[in-house]
Amino acid sequence: MADKVAYEMVSPDRLLASADADMVVVPGSEGDFGVLPGHAPMISTLRPGLVEVHDEGKEVEKIFVRGGFAEVTPEGLTVLAEEAIPLADLDRSALDREIENAQEDVDDAKTDEARDKAQHQLDGLAQLMDALD
């Protein structure tokens, strides 16, 4: 379809989505960019944020990604995400509990290595919570 952009969202463990859309907004490391049909080829690293899939007549699909790459080719857009979570699958109260537990893990860490690992987990959960707001 010439009036749609073909896109695929891939995580390390599976193909998450493969469809055509009017536009896909991607959180590039240099800023958000929208991909429309006929977009110039490019590659960008991703920062944590939301991929928004716009398709006429449908609700905007939002997927949180934490790092990865996006490649635009004449055939379409491929998002290779380190981690991808559809916002529709998130439960705010469960996420609040995970953040509390992660903060306790940071506070209770006995070694620098354990503290760094727990802080990394807490930072990732905070990024996810920011995407919900």
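Among strands (runs of 3 or more DSSP E) lying entirely in the stretch 1-82, which contain 2 or more residues that are open to solvent by less than 60 Å² (accessible area, probe 1.4 Å) and among the small types (Gly, Ala, Ser)?
Passing ranges, in order: 5-11, 14-21, 31-35, 68-73, 76-81.
Out of ALA114, ALA118, I need the residue that is open to solvent by 20 Å² or more (accessible area, probe 1.4 Å) and in a helix (DSSP H, G or I). Which one?
None of the others qualify; the one that does is ALA114.
So, in the stretch 89-98, of the ones that are free of Cβ contacts under 8 Å to residues at least 24 places away in the same chain and open to solvent by 90 Å² or more (accessible area, probe 1.4 Å), which residue ends up nearest to GLY124 (Cα to Cα)?
ARG97
Please go through the stretch 69-91 and give me each residue that is of a type in the set (S, T, N, Q) and in contact with a Leu (Cβ under 6 Å, 6 or more places away or on another chain), ordered by number.
none
Matching residues to (1) touching a helix residue (DSSP H, G or I) at 6+ places or on another chain (Cβ under 6 Å); (2) within 25 Å of MET129 (Cα to Cα); (3) of a type in the set (A, V, I, L, M):
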site: ASP3; (1), (2), (3): no, no, no
site: ASP22; (1), (2), (3): no, no, no
site: GLY34; (1), (2), (3): no, yes, no
site: LEU50; (1), (2), (3): yes, yes, yes
site: VAL53; (1), (2), (3): no, yes, yes
site: ILE63; (1), (2), (3): no, yes, yes
site: GLY68; (1), (2), (3): no, yes, no
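(1) touching a strand residue (DSSP E or B) at 6+ places or on another chain (Cβ under 9 Å); (2) under 24 Å from ASP133 (Cα atoms): which one isn't true of SER18, the others all being true?
(2)
From the list ASP96, ASP89, ASP107, which residue is among the acidic types (Asp, Glu) and modelled with pLDDT of 90 or more?
When all the criteria are applied, what remains is ASP107.
For the stretch 27-86, enumerate the residues that are farther than 21 Å from ALA126 by Cα and among the aliphatic types (A, V, I, L, M).
Those that are farther than 21 Å from ALA126 by Cα and among the aliphatic types (A, V, I, L, M): VAL35, LEU36, ALA40, MET42, ILE43, VAL53, VAL60, ALA70, VAL72, LEU77, VAL79, LEU80.
Taking LEU128, is it open to solvent by 20 Å² or more (accessible area, probe 1.4 Å), in contact (Cβ under 8 Å) with a residue 40 or more places away in the chain, in contact with a helix residue (DSSP H, G or I) (Cβ under 9 Å, 6 or more places away or on another chain) and aliphatic (A, V, I, L, M)?
Taking the combined requirement at face value, the residue does not satisfy it.
The values are calculated or read from the model by the stated rules, or taken from the named source; none is laboratory data. All of these numbers come straight from a predicted model, not from anything done at the bench. Here Cβ is always computed from backbone atoms with ideal geometry, including for glycine, and neighbour counts include all displayed protein chains. Keep in mind that these areas ignore ligands, DNA and RNA; they rest on the heavy atoms of the full protein, side chains included. Shrake-Rupley method; radii C 1.70, N 1.55, O 1.52, S 1.80 Å.
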